[in-house]
Amino acid sequence: IGTATAPSLSTTAGPLDTPASKDLPWWNDAVFYEIFVRSFRDSDGDGIGDFNGITKKLEYLKSLGISGIWLMPIHPSPSYHGYDVTDYYEVNPEYGTMEDFKRLLDEAHNRDIRIIIDLVLNHSSSQHPWFESAVADEQSPYRDWYIWSESDPGYNGPWGQRVWHPSTTGYYYGLFVDFMPDLNYGNPAVTEEMEKITTFWLTDVGVDGFRLDAAKHLIEDDVNQENTSATHEWFKDFRPFYKSLNPDALAVGEVAGADQGVMASYTQGDQLDLTFDFGQAAAILQAAKSGNAQTIKASMKLTYKLVPDLQYATFITNHDQNRVMSELGGDPGRAKVAASLLLTTPGVPFIYYGEEIGMSGVKPDELIRTPMQWSGEEGAGFTDGTPWEAINADYPSLNVAAHDGDSSSLLEHYRMLIRLRNEHESLRTGEIYWATSSTDQLAAYLRSSPSENIFILINLSTEPVSGYELKLNSGPLTGTHQAKSLLEGSLLVDLAANDTGGFDAYTPLSELPPYSIFVIQLIK
C-alpha cells in the first residue's frame, strides 16, 4: 500500500556510475504481470475470476512476452482483496482448489512463465484462528503472536491512522485497520511459523517466490512503525532461510514511499532480492504528464546509483493507485510514452493487468481492480455470469480483442516493447548512459551490454521536435556506428563516437513526431 511523489533533483550530464556486466538472476531477464485473480478471468460463470481462468489466458500472456506473474493474495480471506488471511496453507475456494492452482503453476512453467504469490507477513485476519484464540483468552498460546496493551498507548500510525484497537481483553495493534491485527515478530514462534509457510509454498507447492506486502512495517519500535532496524535484521535472517529452500526463489518487497535511499537499504544483497521503486514510478508518470525529461532522468540516476546490480522493480501504477490511463487523462499517446520509459530502462518491470490496453480506474480500490476487458461482448469476455464488480463502461470498444493486431494500439505498443526487451540483452541488463539534449522534451539514453549498443530516443511531448542536438560526454562507444531503427528497419544518420566513448551533436533524424519512440541499434 503506498503512493509516492517524484523526486526533484538536479543532475549533471554524462554517464551513470554503472556496474560491470555480470551474471544476474533470472528475474533480470523477465517482464512481470500483476494479476488480481478475482478480476482476471472467470471460468465457471460465478462472476469471480479464478485459477482456471488464468490458465486459459496463459497463451495471451505468452504472446505479450510475459515471463513472470505476480498473483495478488490467493489465500482464504473474508475480504474481496485477500490481504487479511485466515489460512496461509490453503487457497481461496472462490478461486478454485489447490489442484487448480498447481495446474496453473505447471501450465505456466511449461510456457517458461514463473509465478510469485503475495505473502502477507505483517498481519493476519482478525478471523484467523490464531487471533480468535488470542483475543478470547489471555492465556492462549497464541496471545503473544500479536501485540497487546492494557490501555490505549495513544499514538497514531505513519499517516495519522488509528493503530490501537479495543477488544474485550485489551488493546491490540493493527497498523492498517482493526480487522488486520499485526503479528508479533518479537515472538520467535511467529517467525518459525512463517518459515513453515514459506517452506510449504516454495517446496511443497512449487511457487517461484513471493511479493512481500507492507515489508517496511514488519516490526515496530514503539512509535517508530516503519523501516526499523529490527525489520532489516529479520529480513537478513529470512533471506538465507528461503534461499536454502530454493536459491532461485524471488522475494520482492513493497517498501512504499518516495525515499529511494530507504528502498535501496533493503536490497544490498543481504535482505530482499528486489524492492519496488515508487519514486521512479511517480517520475515516469510526471514525465508523461509534463512532457519534460528532467525528473525521470534524475530519478533513474538516483536509483541506479543507490541500488546495486539492477536489483529493483519498476512499474507505473499498481493495485493501490489510480490506473495509468486515468492519471494521464485518457491520452493514449502519454500512455505509450510511460510504457516506453518503463520497458527500455533498467530494473525488473511489472505491468498491472489491463494497463496494456489502457483500462481506466480511480479510487476507491474496487474501481482500480475491475474485471479485465477481453472482448466487446456481454460480460467483456470476463464472465458468463454477473461480475463481482461492474465492468468499466468503455469495454465494448476498449478490450483486448479490439486492439489485438492493431499496430496503432497501446496493446501492440506494449507487445512491441516487451518483444524488443526480450530480444535484446542491452535493454534488459545493459548499462545506461543519459545523453543531454538541447530540449527537455526528449528522453535520450544509451543502453550498452557486451554484445550490443542501443540508443533510445523518446519525444515526451505533444509537439514534434526538430532542430535538436544530442550529446553524450563519455561512454562505451568507439569509431563510427551505423544507426538502424529496430521499429521501422530503416537506416538513420550514422553516429561517430568521440574520444571519450560518447558522441557530439548527434541528430539521428530531422524531426521526431509527438509521443514517438526510436529504438536505434548502433552497428559497428
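The values are calculated or read from the model by the stated rules, or taken from the named source; none is laboratory data. Computed from a predicted model, the values in this text were never measured in an experiment. In this analysis, Cβ positions are derived from the backbone assuming ideal geometry, glycine residues included, and neighbour counts consider all displayed protein chains. Surface areas here come from the heavy atoms of the whole protein model, side chains and all, with no ligands, DNA or RNA. Shrake-Rupley method; radii C 1.70, N 1.55, O 1.52, S 1.80 Å.
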Matching residues, region 201-215, being within 18 Å of ARG114 (Cβ to Cβ) and in a helix (DSSP H, G or I): TRP201, LEU202, THR203, ASP204, VAL205
Mind checking which residues of region 409-445 are assigned to a loop (DSSP other than H, G, I, E, B) and open to solvent by 40 Å² or more (accessible area, probe 1.4 Å)? SER438, ASP440, GLN441
What residue, among those in region 476-502 that are in contact with a Ser or Thr (Cβ under 7 Å, 6 or more places away or on another chain) and in a loop (DSSP other than H, G, I, E, B), is farthest from LEU522 (Cα to Cα)? THR500
One residue is enough: does region 236-252 have a residue meeting the conditions crowded, with 24+ Cβ neighbours inside 10 Å and either polar (S, T, N, Q) or over 22 Å from LEU183 (Cα atoms) (or both)? yes
Per-region count, region 390-408, residues open to solvent by less than 40 Å² (accessible area, probe 1.4 Å) and in a loop (DSSP other than H, G, I, E, B): 4
Taking the options SER461, SER448, name whichever one is in contact with an Asp or Glu (Cβ under 6 Å, 6 or more places away or on another chain) and either assigned to a strand (DSSP E or B) or buried (at least 17 other Cβ atoms within 10 Å of the Cβ) (or both). SER448
Given the residues GLU431, GLU463, which is the only one that is under 30 Å from PRO25 (Cβ atoms), at pLDDT 95 or above and not small (Gly, Ala, Ser)? GLU431
Only unsatisfied item for GLN373, checking (1) surrounded by fewer than 20 Cβ atoms within 10 Å (Cβ to Cβ); (2) under 22 Å from the mean Cα position of the chain (by Cα); (3) of a type in the set (S, T, N, Q), is (1)
Looking at region 165-186, I want the residues that are on the phi > 0 side of the Ramachandran plot and assigned to a strand (DSSP E or B) and have a partner that is open to solvent by 40 Å² or more (accessible area, probe 1.4 Å) and of a type in the set (D, E, K, R) with Cβ atoms under 7 Å, at least 6 apart or on another chain. Which pairs are those? GLY170/GLU150
When region 380-389 is examined, which residues are found to be open to solvent by 10 Å² or more (accessible area, probe 1.4 Å) and in a helix (DSSP H, G or I)? GLY381
Does VAL262 qualify as being part of a strand (DSSP E or B) and among the aliphatic types (A, V, I, L, M)? no
Matching residues, region 147-164, being of a type in the set (S, T, N, Q), touching a strand residue (DSSP E or B) at 6+ places or on another chain (Cβ under 9 Å) and in a loop (DSSP other than H, G, I, E, B): SER151
Scanning region 476-492 residue by residue, the ones that are surrounded by fewer than 16 Cβ atoms within 10 Å (Cβ to Cβ) and farther than 23 Å from MET416 by Cβ total 3
Quick check, is MET325 open to solvent by 10 Å² or more (accessible area, probe 1.4 Å), aliphatic (A, V, I, L, M), under 22 Å from ASP404 (Cα atoms) and modelled with pLDDT of 95 or more? yes
Please work out which residue is least open to solvent (accessible area, probe 1.4 Å), limiting yourself to region 26-44 and to residues that are part of a loop (DSSP other than H, G, I, E, B) and over 16 Å from PHE350 (Cα atoms). ASP42
What about GLY68, is it buried (at least 21 other Cβ atoms within 10 Å of the Cβ) and over 30 Å from HIS413 (Cβ atoms)? no
Can you tell me which residue within region 344-368, out of those that are among the hydrophobic types (A, V, I, L, M, F, W, C) and assigned to a loop (DSSP other than H, G, I, E, B), is surrounded by the most Cβ atoms within 10 Å (Cβ to Cβ)? MET359
Matching residues, region 209-226, being open to solvent by 20 Å² or more (accessible area, probe 1.4 Å) and within 20 Å of the chain's Cα centre (by Cα): LYS216
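Condition check ((1) open to solvent by 20 Å² or more (accessible area, probe 1.4 Å); (2) free of Cβ contacts under 8 Å to residues at least 40 places away in the same chain; (3) assigned to a helix (DSSP H, G or I); (4) more than 16 Å from SER340 (Cα to Cα)) across all residues:
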{"site": "GLN280", "(1), (2), (3), (4)": "no, no, yes, no"}
{"site": "ALA283", "(1), (2), (3), (4)": "no, no, yes, no"}
{"site": "GLN286", "(1), (2), (3), (4)": "yes, no, yes, no"}
{"site": "ALA298", "(1), (2), (3), (4)": "no, no, yes, yes"}
{"site": "LEU302", "(1), (2), (3), (4)": "yes, no, yes, yes"}
